[in-house]
Amino acid sequence: MANLESLPVSKGGPDFKQKLKRSSMNNSFLDMGDEGDVLSKSDVVLSFTLEIMIVEVQGLKSVAPNRIVYCTMEVDGGEKLQTDQAEASRPQWGTQGDFTTTHPLPSVKVKLFTESTGVLALEDKELGRVVLNPTTNGPKQAEFHRMVVPKSSQDTDLKIKLAVRMDKPPNMKHSGHLYALGQRVWKRWKKRYFVLVQVSQYTFAMCSYREKKAEPQELMQLEGYTVDYCDPQPGLQGGRVFFNAVKEGDLVMFACDDEQDRVLWVQAMYRATGQSYKPVPPTQNKTANCRGGNQKSASPISLDPSQRQGVEELISAAPCRFDHAALFTILQKHTLQHRMNDSFSCLGWFSPGQVFVLDEYCARYGVRGCHRHLSYLKDLMDYSESNALVDPTLLHYSYAFCASHVHGNRPDGMGTVTVEEKEQFDAIRSRLMTLLENQITHFRYCFPFGRPDGALKATLSLQERRCLEKAARINYSQLTEFAQIKAFTLKWQMTRQVAALHYRLRRRHDENNAHGPYARAVYTPRCKTDQS
């Protein structure tokens, strides 16, 4: 039996990819929403602010000193701004123009004009121009630039002093020129302008741009990649220091000319990928691009022989000697435990990279889908019973998948179940009914403020009629008890109010009889003389 560990992961052709997509409802329902996470070029939007400051012009000889000159500036062929007018003997301005653009490599044109004195002249005469392609990493201070003049001009040494400041938007994390070569994108080794863009809170993309283009020419979503320093690659002309980004089935090689620039790129991409391994810059004597030199790799995979003894034993072991169903249960449990450290954002859902690893393990070592979802359902109920927020949709999908196996009503007509899985399903079913009954009975506490969205509705759809009747009966009894207590309290309060009113009325009646005109005849006894 061949050692499957020596085979590449997911190296199959299009049939294997179609198999994964078609079985998404059976073995991999967790990646149902992952296809919508693929970025398009229109998802990457950048906005830049440019400040162009024109200071002065030097070397102007072809114009009379008393003539009027001025400058115009424009960005990407848009709106033109004009400086104040100045005499040719002292062409100084200090004028600033503000522009906005969506191009990471904009084209800035600055032209020098003089007023035409001819009667039939429709436009002013152009004396020179300069075209710049500023970047966010460019110099901020004013510098002299040589202007392009007409062929018949005498101003061969015409220069203009100006400054172009390009602000970096918040979603732009790093930018610069790099050499790149990949298997899926950037298939030719050449120098490009790259921008590391944060598309959303947890989504980053490496984009390459051309001049005067708002959309990236090519892009690579960094989720699932691992960035690290690497040695120079023989045969790649251009670039002095190298680093790469690795993912299952893909390898992208980058190179630049400066070591500090490489460190900045690796640090920015490390923060974007969210990888656990932190790249460590190699020593200075290993960074030079020595063509054909034998150098040791700085990758953490290259372990010393003393550190590879236990690893070699695991690599050479036969896969058939292990209980992969039990190992997968442990793997999935620890993966969910790591994911649930931030339960408010994941709600029990695996990330696309974690789903890929779990799918690959099941495909390689024959882990049954029913066993996988039974283990997943059990782990989710453990978190739900401990008052952790879990999306009921996950419980619904896993329970429906296992029930279709147990009852033999699979849509494709191919469903098998072992005796052990049937027993586990019966135990989990009774436990799930108790959990759902408790959640519906105390839905105000299990789903606070209606979160997660649609959770209560999904929980109700998962319940059976019998369980719903039981939960409704419990709610009705609780409401009845509360109503009886409320009615008794109200009746007692009304009786008390009537007794108090009767007491006040009787007391007032007695007071009126005591002080009235017949009070003396009624209450004073008669004497004997009065009787005679």
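Near the amide H of residue 191, within less than 5 Å, lie no amide hydrogens of residues on another chain or at least 5 residues away, with H placed in the peptide plane.
Could you calculate the FRET efficiency of residue 503 with residue 423 from 1/(1 + (r/R0)^6), where r is the beta carbon distance between them and R0 is 60 Å, rounded to 0.05?
After rounding, the FRET efficiency stands at 0.25.
Taken one residue at a time, the phi angles of the stretch 355-362 give Karplus couplings (6.51, -1.76, 1.60, θ = phi - 60°) of 4, 4, 5, 5, 4, 5, 5, 5 Hz. Gly and Pro are set to x. With a simple spin-label model that places each label point 7 Å from the Cα along the Cα-to-Cβ direction, the separation between residue 49 and residue 495 comes to 7.6 nm.
Taking 41 Å as R0, compute the FRET efficiency from the Cβ-Cβ separation of residue 267 and residue 334 and round it to 0.05. E between residue 267 and residue 334, to the nearest 0.05, is 0.90. Diffusion coefficient (Stokes-Einstein, Kirkwood radius over C-alpha pairs, 4 °C, 1.567 mPa s) for the stretch 36-130: 84 µm²/s, rounded to a whole number. Of the two radii for the stretch 331-437, the radius of gyration is 0.96 times the Kirkwood radius, both from the alpha carbons; that is the Rg over Rh value. Loop-located GluC sites (Glu not before Pro) in the stretch 64-93 (DSSP state other than H, G, I, E, B) with a sparse environment of at most 11 neighbouring Cβ atoms within 10 Å: 79.
How big is D, in µm² s⁻¹, for the stretch 200-256 by Stokes-Einstein at 25 °C and 0.890 mPa s if Rh is the Kirkwood radius over C-alpha pairs? This corresponds to a translational diffusion coefficient of 187 µm²/s.
Radius of gyration (Cα atoms) of the stretch 141-240, expressed as a multiple of 2.2 N^0.38 Å: 1.50.
Residues whose amide H lies under 5 Å from that of residue 231, counting only those 5 or more places away or on a different chain, are 298; hydrogens are built 1.01 Å from N in the peptide plane. Across the stretch 428-437, computed HN-Hα scalar couplings (Karplus, 6.51 cos²θ - 1.76 cosθ + 1.60, θ = phi - 60°) run 5, 5, 5, 5, 5, 4, 5, 5, 5, 4 Hz from first to last residue, x flagging Gly and Pro.
For residue 102 and residue 212, the difference between the fully extended length at 0.36 nm per residue and the C-alpha to C-alpha distance is 38.7 nm.
Identify the residues of the stretch 80-98 with backbone N under 20 Å of a label point that sits 7 angstrom from the Cα of residue 64 along the Cα-to-Cβ direction, or state none. Under 20 Å, as judged by backbone N against the label point of residue 64, lie 85-92 of the stretch 80-98. Above 14 Å, the calculated P(r) of the stretch 101-185 contains 74 percent of its Cα-Cα pairs. One quarter of the convex hull surface built on the alpha carbon atoms of the stretch 163-203 amounts to 4.1 nm², the projected area averaged over directions. On the beta carbon distance between residue 203 and residue 510, with R0 = 60 Å, the FRET formula returns roughly 0.10. Sequence-ordered 3J(HN,Hα) estimates for the stretch 182-195 from the Karplus curve with 6.51, -1.76 and 1.60 and θ = phi - 60° stand at x, 8, 9, 10, 6, 7, 10, 7, 7, 8, 9, 9, 10, 9 Hz, glycine and proline given as x. Compared with the alpha-carbon gap, the fully stretched path from residue 143 to residue 89 is longer by 17.4 nm at 0.36 nm per residue.
Only the coordinates and a few stated rules stand behind these numbers; no lab work does. Because the structure is predicted, anything quoted here is derived from the model rather than measured. Cβ sites come from the backbone with ideal geometry, for glycine too, and all protein chains shown count toward neighbours.
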